[in-house]
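Heads up, the thing below is written out as structure tokens.
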Amino acid sequence: MKKRIATVSLAGCFGCHMSFLDIDERILDLLKVAEFVKTPLNDLKKFTKHCDIGLIEGGCCNEENVHTLQEFRNKCDVLVAVGACAIMGGLPVMRNAIMNSEDPLRECLEEAYMNSPTVFNATNDIPNDPALPLILDKVYNCSEVVRIDCQIPGCPPSGDTLWQTLTALIKGVPADLPYELIRYD
Ligand code: SF4
């Protein structure tokens, strides 16, 4: 039976998903042994089946990210944090360093939408439409929100690293990555 895989991008830049496409024609081999149930790669947006493997790009910066990550935890046997953002917050977590004022989130939003030198905001409004997901007090990496079973470091991990790790997970064996695939200098 084919392994079922789901992927998602939370507070990430989609670079990890783009890197996944660097497995190139090997994706045809992958499709012989795996089925993508929900992923931006095929634009399937809902879980229709329980999955064996969930790949998470990005950490959590808003409530929607948290709900999505919890859904992945509930619907995937093995949950994998892919890339620096999922593992330790990555670039979005830089906002956690804003802590000088009594309201760090407000300070962060004012910097982003009002005060930054490159901002043009004629109304000086900060987006607050009720349809927007509620922003969290800070950015959380995935393991601060749910249990994570496996991490693939890198920004992004290379296509070869993703390929080797994913095929090992599908076979149910430890990923034996050569040094070239786990050096980041
Ligand atoms: Fe983008 Fe790097 Fe974060 Fe992946 S780890 S989502 S490539 S910033």
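The values are calculated or read from the model by the stated rules, or taken from the named source; none is laboratory data. It should be emphasised that the depicted structure is a prediction, and the values quoted were computed from it without experimental measurement. When we count neighbours, we look across all protein chains shown, and the Cβ atoms used for this are built from the backbone with ideal geometry, even at glycine.
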* Asked: So, of the residues in segment 1-35 that are over 22 Å from Gly83 (Cβ atoms) and of a type in the set (A, V, I, L, M, F, W, C), which turns out to be surrounded by the fewest Cβ atoms within 10 Å (Cβ to Cβ)?
  -> Met1
* Structure fact -> Of the candidates Ile98, Ile182, the one satisfying the condition of being more than 30 Å from Thr48 (Cα to Cα) and in contact with a Pro (Cβ under 6 Å, 6 or more places away or on another chain) is Ile98
* Could you run through segment 15-29 and say how many residues are closer than 12 Å to Leu162 by Cα and part of a helix (DSSP H, G or I)? => 10
* Asked: In segment 1-32, which residues are within 11 Å of the ligand (Cβ to nearest atom) and of a type outside the set (A, V, I, L, M)?
  -> Ser9, Gly12, Cys13, Phe14, Gly15, Cys16, His17, Ser19, Phe20
* To do: For segment 136-144, indicate whether the set of residues that are touching a Lys or Arg at 6+ places or on another chain (Cβ under 6 Å), away from the ligand (no atom under 16 Å from the Cβ) and under 24 Å from Leu55 (Cα atoms) is non-empty.
  => no
* Structure fact -> Over segment 1-20, the set of residues at pLDDT 95 or above and farther than 27 Å from Val66 by Cβ is Lys2
* Taking segment 156-174 as the region of interest, how many residues are surrounded by fewer than 20 Cβ atoms within 10 Å (Cβ to Cβ), within 16 Å of the chain's Cα centre (by Cα) and in a helix (DSSP H, G or I)? -> 1
* Just a yes or no: is a residue in segment 145-155 part of a loop (DSSP other than H, G, I, E, B), on the phi > 0 side of the Ramachandran plot, in contact (Cβ under 8 Å) with a residue 24 or more places away in the chain and within 16 Å of the ligand (Cβ to nearest atom)? -> yes
